[in-house]
1. Counting other C-beta atoms within 10 Å, and keeping those with at most 14, which DSSP coil chymotrypsin sites (Phe, Trp or Tyr not before Pro) do you find in the stretch A:16-90?
2. What number, rounded to the nearest 500 deg cm²/dmol, is the helix-based mean residue ellipticity at 222 nm of chain A, given -39500 (n - 2.57) per DSSP H run of at least four residues and division by all its residues?
3. With a 1.4 Å probe and all protein chains kept in place, how much accessible area does A:T428 have, in Å² rounded to the nearest 10?
4. Summing +1 for each Lys or Arg and -1 for each Asp or Glu, what net charge is found among the other residues whose Cβ lies under 14 Å from the Cβ of A:H346?
5. Any idea how far the Cα center of the stretch A:224-290 sits from the one of the stretch A:641-693, in Å?
6. Of the peptides A:640-653, A:94-107, how do they stack up when ordered by the mean number of other Cβ atoms within 10 Å, highest first?
7. Starting at the first residue of the stretch A:440-447, write each ³J(HN,Hα) from the Karplus equation 6.51 cos²θ - 1.76 cosθ + 1.60 with θ = phi - 60°, in whole Hz, x for Gly and Pro.
8. On average over all directions, what projected area in square nanometres does the stretch A:152-199 have, based on the convex hull of its Cα atoms?
Amino acid sequence: MSTKTVEYNDGVVRQFVLASIFWGVIAMLAGVVIAGQMAFYRLNFDTQWLTFGRLRPLHTNAAIFAFVGNMIFAGIYHSTQRLTRTRLASDFLSSLHFWGWQAIIVSAAVTLPLGLTRGKEYAELIWPINIAVTFIWVVFAVNFFWTLAVRNEKSLYVAIWFYIATIITVAMLYIGNHLQIPTSLTHSYPIFAGVQDALVQWWYGHNAVAFFLTTPVLGIMYYYLPKAAERPVYSYRLSVVHFWSLVFIYIWAGPHHLLNTALPEWLQSLGMIFSLMLWAPSWGGMLNGLLTLRGAWNKLRTDPVLKFLAAGVTFYGMSTFEGPLLAIRSVNAVSHYTDWTIGHVHSGTLGWNSFMAAGMFYWLVPRLWNTKLHSTKLADLHFWTGMIGILLYIASMWVSGITQGLMLNAVTPDGVLAHPNFLDAVTTTHAMLVTRMVGGAIFLFGFLLLAYNIARTVLSGAPATATVEVPLDPGKEGMGLARGIFNAPMLYSFLIILFGTLWGVGKGAVATISLVLLVETALVAMIHMSISGKKWGEWYERLLESWLPFSVLTLLAVVIGGMIQILPTVFIDQTKNEDGGWQKVYRPLELAGRDIYVREGCYTCHSQMIRPFVGEVMRYGASGRLAESIYDFPFQWGSKRTGPDLQRVGLKYPNVWHFQHMMNPRSTSPGSTMPNYPWLMRQRADLEALENKIAVQKRMGVPFPDRSKEEILADCREQGGAIVADLGKSGIQISPDRKIIALIAYLQQLGQYGKRPDPQPTENPGLETVVEGEKQANTEP
Amino acid sequence: MFKELQLADWAGIVAVAAFFATAAVFVAVVVGALRMPRRKVLHDAALPLEKETRK
């Protein structure tokens with residue numbers, strides 16, 4: 001047989017590997033710093049660009065997109081070339097992808113500490129960077145699919161399916177959650193507000209974990225684990241089931257981030273049910289990975305690669321067991337807004353992502369530089385320090401999280417809060433926060449060992465050139481888009497889904513007829529399959545060799561879940577919600593204050609969503625309503641309470657309290673770990689930008705009154721002047737255009753609209769509880 | 001209030017329909033996986049183990 005030699009492009013793989021290690025150090029260092037800030041507020045250094053609210057997004061973005069991002073690009077480019085026996089389609093696109101991605105990371109590292117943020121978790125980067133990310137992702141997709149189109153291997157190995165799902169779904173999620181209208185070069189508002197924004201955000205946020213941190217790494221597992229163990233995956237059929245079930249189910253589970261909030265019940269149920277269903281595919285995948293080591297377990301003693309990969313897969317199993325557990329509403333009632341969630345996330349990122357990355361690097365680098373690993377002992381030391389670091393981290397967060405959840409919800413037999421002062425939970429868990437910082441530092445130390453070990457390995461070798469002989473005619477069969485999608489198996493599946501849905505939805509005759517048709521269709525399909533079984537098998541086999549219809553079906557699988565969740569809440573009549581008096585548009589100064597609140601990352605520690613639990617209602621006031629956030633671009637429901645909920649903090653304290661609290665939180669709330677914000681007293685609020693900001697919000701349907709720029713500024717002066725005059729009574733002299741004044745204006749209106757005389761009293765239960773709760777609670781923001 | 005009741009009128013079945021749809025597709029995929037020819041399974045499973053030349 002005639003053959004040709006294919007030389008792989010491993011240059012770009014080497015670049016991504018080194019970049020991942022570099023950014024991994026930065027991400028973990030930032031993590032240790034902010035862990036320290038949670039325990040010792042002085043580590044904020046009273047410096048705006050070093051405060052927790054600004055560094056936390058830097059840490060998460062660096063860990064997800066810089067460290068894991070570069071790692072998965074390395075793994076995808078390396079393994080895809082081998083699995084398709086083809087050089088990457090374009091050296092130029094590969095290079096553009098690498099340098100473009102690094103430029104994006106640098107831009108993020110500069111803008112986030114400066115407070116330039118969109119205020120949405122894991123989606124903080126400002127709109128010009130969003131465009132760059134989208135462009136570079138398209139470059140990646142073109143390069144990847146182009147490579148598939150010209151490949152020299154007929155079959156698409158299961159790892160490539162996971163890569164396809166990653167590329168398609170991340171593109172869909174990223175675009176969906178970054179739809180926005182700019183108000184300036186560095187600021188924009190998302191087009192969604194309130195509950196719509198919450199749903200879109202967590203549809204994105206949850207699936208960023210699923211399709212950026214999980215599916216590509218699963219693809220890497222399915223390639224590198226057999227490679228390192230030198231035996232095929234335990235069950236290829238199970239990997240097929242793993243892929244499809246994971247892709248179908250994962251996308252639905254986003255609402256579990258919003259359990260027990262004002263989100264409609266059906267969406268909460270949807271999120272919980274699909275989260276529980278995730279147990280099956282996740283554990284199927286984990287077992288498939290671990291069982292691949294059958295007969296090779298003895299190698300774990302000597303081979304650091306297998307040690308890291310096996311531990312990584314085990315952590316995958318553990319964190320995917322814990323995730324659905326936390327998505328059970330009763331468990332979530334305790335865990336949500338606490339450190340438990342933080343521990344869960346880090347068992348995934350440290351245990352799963354970092355260990356899989358380490359395993360891949362230790363396997364890959366000696367081969368990419370044609371040498372041997374510098375030190376196996378150092379790699380072993382890295383493994384054990386990493387393991388100790390992770391265990392300290394997640395165990396302390398479990399203890400801390402459960403303590404916080406129980407303390408803050410506890411009510412005595414007399415019917416009062418057992419711990420009315422929020423700070424009781426902060427001081428009680430302080431030792432755990434210190435333990436978390438130590439665990440993180442130990443993990444960072446282990447990763448520095450990896451960096452050193454890899455550096456020495458690289459310096460001891462030279463970049464290798466890898467080649468493979470492939471047939472001149474690889475004999476790609478595959479099939480076109482139409483034949484891939486329009487065929488008997490797909491038709492029967494569609495009909496069964498249709499009749500099943502009608503049976504569930506319909507009543508009386510419709511339900512009966514649908515049930516009959518459902519059973520008949522299923523029977524016909526079974527008979528048809530038994531007659532033309534071979535043909536069906538052929539379709540499925542060829543589908544797995546045809547990247548285009550395969551990709552389209554994957555897209556359909558992930559689109560359905562998102563559409564059903566999000567669309568019903570998007571296509572609602574907003575105007576009807578303005579009649580209940582639950583919300584009105586912000587005054588200009590309040591809007592300016594709100595943007596400062598978002599800019600400083602207050603949402604990283606404070607929620608604005610009171611859950612309907614006795615403890616929360618007594619502590620904070622009446623539970624949150626959907627309508628209260630309809631003008632919130634972006635929504636501020638939050639995901640963590642290092643400080644108390646602020647949904648009804650307005651007028652709870654006098655203006656001077658807020659002023660002093662922002663200057664030095666310990667002056668009003670002894671024991672608080674909140675940073676000082678002295679620059680808010682020095683810096684001017686950008687009131688000039690309000691005209692444009694209000695114009696953008698009006699375009700999105702917010703009923704701001706028509707006002708000129710002068711009228712807007714006059715309104716700011718009026719509201720700010722009143723606050724300044726009030727502060728003056730306490731001897732505080734300050735200009736009304738300072739940021740602190742705008743922030744106070746915003747904070748003082750939070751929760752106020754729900755207290756207005758209600759035209760429909762029957763729809764407004766709990767106002768008395770608000771008042772009583774305020775009398776009793778001694779909380780501090 | 002705020003459409004929650006309006007949504008609840010019809011949207012409660014969404015979870016059931018979604019579950020059913022996913023279950024149907026899941027079953028179809030499992031059947032497809034189980035019916036994959038053994039030759040195909042062995043070939044695909046061995047793909048990561050192919051050797052390359054390095055210099």
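The values are calculated or read from the model by the stated rules, or taken from the named source; none is laboratory data. Because the structure is predicted, anything quoted here is derived from the model rather than measured. Cβ sites come from the backbone with ideal geometry, for glycine too, and all protein chains shown count toward neighbours. For accessibility, only protein heavy atoms count, side chains too; no ligands or nucleic acids. Shrake-Rupley method; radii C 1.70, N 1.55, O 1.52, S 1.80 Å.
1. Working: sites: A:F16, A:F22, A:W23, A:F40, A:Y41, A:F45, A:W49, A:F52, A:F65, A:F67, A:F73, A:Y77; in loops: A:F40, A:F45.
Answer in residue order: A:F40, A:F45.
2. Working: 32 runs with 485 residues, N = 781.
For chain A, the value works out to -20500 deg cm²/dmol.
3. 80
4. On the way: positive: A:R56, A:R436, A:K640; negative: A:E322, A:D339.
Neighbour charge sum, excluding A:H346 itself: +1.
5. Comparing the Cα centres of the stretch A:224-290 and the stretch A:641-693, I get a distance of 41 Å.
6. Numbers: A:640-653: 21.6, A:94-107: 19.0.
Result, highest mean first: A:640-653, A:94-107.
7. x, 5, 5, 5, 4, 4, x, 5
8. Numbers: hull surface 22.4 nm².
Result: 5.6 nm².
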